[in-house]
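K.L.:
Could you have a look at this structure, given as structure tokens, before my questions?
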Amino acid sequence: MGNPRGVARDFDALEARRMNALGLMRDGLNNSQIGRALEVANQTVSRWRKEYREGGKKALAQAGRAGRKPRLDSKQTKALTSRLLAGPEQLGYETPLWTCERVADLIAQDFGIHYHPGHVWRILRGLGWSPQRPVGRALERNEKAIREWKRVTWPKAKKSSKRRPNHCLP
């Protein structure tokens, strides 16, 4: 998910910036000078300086991934994708439509991991799936007649009689 703006964080670049700050601290620059050089707030530099004093260089090192680790590992995710691509009819459902409830049920059956159906859409979005609705079209639909109507009949019906501008005004 990342941060609120949806931009993935580059943890290596963030650590490199903290190490650059450490080098500038050792060179004797104050917080304002370091902040301007690295384009960060003075408070951030102050926090880095305090963390360095308390924990050394290790305190400024990369913290690792942010957030909770996913319950489905990469192998399970690939298996889930292949099961989804097979379609819900092969699993005994009557309609060819995946719902969050159905996917949550599939995950629980196959992997023993229980997700709330309201959370399943995040998993699907992470897999590159998007919410879609099936197109409801009549079986008797005549595509040729529809094209003809759009090309010929509708433009004739749409045209109004020849009128002068502002014909409604006295």
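K.L.:
Where the second residue is aromatic (Phe, Trp, Tyr) and part of a helix (DSSP H, G or I) and the first is touching a residue at least 40 places away in the same chain (Cβ under 8 Å) and within 20 Å of residue 58 (Cβ to Cβ) and lies in region 16-45, which pairs have Cβ atoms under 9 Å and are six or more apart or on separate chains?
P.N.:
18/48; 18/52
K.L.:
Condition first: over 18 Å from residue 125 (Cβ atoms) and of a type in the set (S, T, N, Q). Now tell me which residues in region 30-81 satisfy that.
P.N.:
If the condition is that a residue be over 18 Å from residue 125 (Cβ atoms) and of a type in the set (S, T, N, Q), then 30, 31, 32, 33, 42, 43, 44, 46, 62 are the ones that fit.
K.L.:
Give the residues of region 57-74 that are surrounded by 10 or more Cβ atoms within 10 Å (Cβ to Cβ) and more than 18 Å from residue 14 (Cβ to Cβ), sorted by residue number.
P.N.:
70, 71, 72, 73
K.L.:
For region 82-95, which residues satisfy the criterion of being under 18 Å from residue 127 (Cβ atoms) and of a type outside the set (S, T, N, Q)?
P.N.:
Answer for region 82-95, where residues must be under 18 Å from residue 127 (Cβ atoms) and of a type outside the set (S, T, N, Q): 83, 84, 85, 86, 87, 88, 91.
K.L.:
When region 110-136 is examined, which residues are found to be within 18 Å of residue 78 (Cβ to Cβ), of a type in the set (D, E, K, R) and either within 16 Å of the chain's Cα centre (by Cα) or not in a helix (DSSP H, G or I) (or both)?
P.N.:
122, 125
K.L.:
Given the condition in contact (Cβ under 8 Å) with a residue 24 or more places away in the chain and part of a loop (DSSP other than H, G, I, E, B), answer yes or no: does some residue in region 73-93 qualify?
P.N.:
no
K.L.:
Hey, among 17, 47, 9, which residue is within 33 Å of the chain's Cα centre (by Cα), modelled with pLDDT under 90, basic (Lys, Arg) and surrounded by 10 or more Cβ atoms within 10 Å (Cβ to Cβ)?
P.N.:
9
K.L.:
Can you name the residue in region 57-72 that is assigned to a loop (DSSP other than H, G, I, E, B) and under 17 Å from residue 23 (Cβ atoms) and is also modelled with the highest pLDDT among such residues?
P.N.:
61
K.L.:
Please work out which residue is surrounded by the fewest Cβ atoms within 10 Å (Cβ to Cβ), limiting yourself to region 93-117 and to residues that are out of contact with any helix residue (DSSP H, G or I) (no Cβ under 7 Å at 6 or more places or on another chain) and of a type in the set (Gly, Ala, Ser).
P.N.:
112
K.L.:
Yes or no: region 120-136 includes at least one residue that is hydroxyl-bearing (Ser, Thr, Tyr) and exposed (fewer than 14 other Cβ atoms within 10 Å of the Cβ).
P.N.:
Scanning region 120-136 turns up at least one residue that is hydroxyl-bearing (Ser, Thr, Tyr) and exposed (fewer than 14 other Cβ atoms within 10 Å of the Cβ).
K.L.:
Filter region 22-56 down to the residues that are more than 26 Å from residue 8 (Cβ to Cβ), among the charged types (D, E, K, R) and in a loop (DSSP other than H, G, I, E, B) and list them by number.
P.N.:
Passing the criteria: only 27.
The values are calculated or read from the model by the stated rules, or taken from the named source; none is laboratory data. The shown structure was predicted, so the numbers you read here are calculated from the model rather than taken from an experiment. Every residue, glycine among them, receives a Cβ derived from its backbone with ideal geometry; neighbour counts consider all protein chains shown.
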